[in-house]
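Asker: Here it is, the structure, as structure tokens.
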Amino acid sequence: MPAPLLQLCFADRYERLRLRTALVLYLLVILIGDIPGMRADVGQYASGGVLHSFGYGVLALILFSGIGGSMARRALLSVLMVAAMGALDEFIQSFLSYRHGSVRDWLVDMAAAAVVALLLTLLWPKMAAAALGKSAPLPEA
């Protein structure tokens, strides 16, 4: 990966940009997902569980990378933010005649976020250090 891209993905100074990117992607998920017929069209290629797992897993990754502080703080906040985002998504869908809100989908969103956050808690310090050419920091308590 080219150095500037690694900086965008891992450098602390770009955390806010990554956080904003996650919010923009979430808004796109809401807007595109609520277009009549769009979900049915995409459903021909991937199930709802796959879409929710992938979409909210990616959001959790970007949120994790955009939140500062300890790995535990990043993990907790990214999972809580995905929980809120997923709940809002399902709430909005409950008002649309061609969609329906689902607690199951929300649970899939949170499960995907929890798995991603757990993996990143373990891997992020090493990944960031390798990407930025630094020695890996000691694990935080």
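Asker: Among the helices of the chain (complete DSSP H runs), which have Cα atoms covering no less than 20 Å along the helix axis and a Kyte-Doolittle mean of at least -1.0?
Answerer: Answer set is 15-33, 48-66, 71-93, 103-132.
Asker: Long-range amide H contacts for ALA11: which residues qualify at under 5 Å (H placed 1.01 Å from N, peptide plane, sequence gap of 5 or more or a different chain)?
Answerer: For ALA11, whose amide H was placed from the backbone, there are no distant partners under 5 Å.
Asker: For ARG73 paired with TYR98, estimate the spin-label separation in nm (one decimal), with each label point 7 Å from Cα along the Cα-to-Cβ line.
Answerer: 4.4
Asker: With a 10 Å cut-off between alpha carbons and a GNM built on the chain, which of GLY37, GLY48, GLY57 moves the most?
Answerer: For the chain, modelled as a Gaussian network with Cα springs under 10 Å, the answer is GLY37.
Asker: Another question, if that's okay. Label point 7 Å out from PHE54 along Cα-to-Cβ: which residues of the stretch 80-114 have amide N under 19 Å?
Answerer: 86, 105-114
Asker: Ordering ILE92, ILE35, ILE67 from largest to smallest accessible area (1.4 angstrom probe), what's the sequence?
Answerer: Descending order: ILE35, ILE92, ILE67.
Asker: Next question. Averaged over all directions, how much area does the convex hull of the C-alpha atoms of the chain cover when projected, in nm²?
Answerer: 8.9
Asker: Moving on. Give me the percent of accessible area attributable to carbon and sulfur for the chain, probe 1.4 angstrom.
Answerer: Ligands and nucleic acids excluded, carbon and sulfur reach 73 percent.
Asker: Sticking with this structure for a sec: Work out how much length ALA3 to LEU25 would gain on full extension: take 0.36 nm times their residue separation and subtract the Cα-Cα distance, in nm to one decimal.
Answerer: Once the chain is fully extended between ALA3 and LEU25, it gains 5.5 nm.
Asker: Where only protein heavy atoms count, and the probe is 1.4 Å, what is the accessible area per residue for the stretch 52-135 in Å²?
Answerer: That works out to 50 Å² for each residue.
The values are calculated or read from the model by the stated rules, or taken from the named source; none is laboratory data. Predicted model, so just to flag it, every value in this text is computed and none were measured. Cβ sites come from the backbone with ideal geometry, for glycine too, and all protein chains shown count toward neighbours. Calculation scope for accessible area: heavy atoms of the full protein, side chains included, ligands and nucleic acids excluded. Shrake-Rupley method; radii C 1.70, N 1.55, O 1.52, S 1.80 Å.
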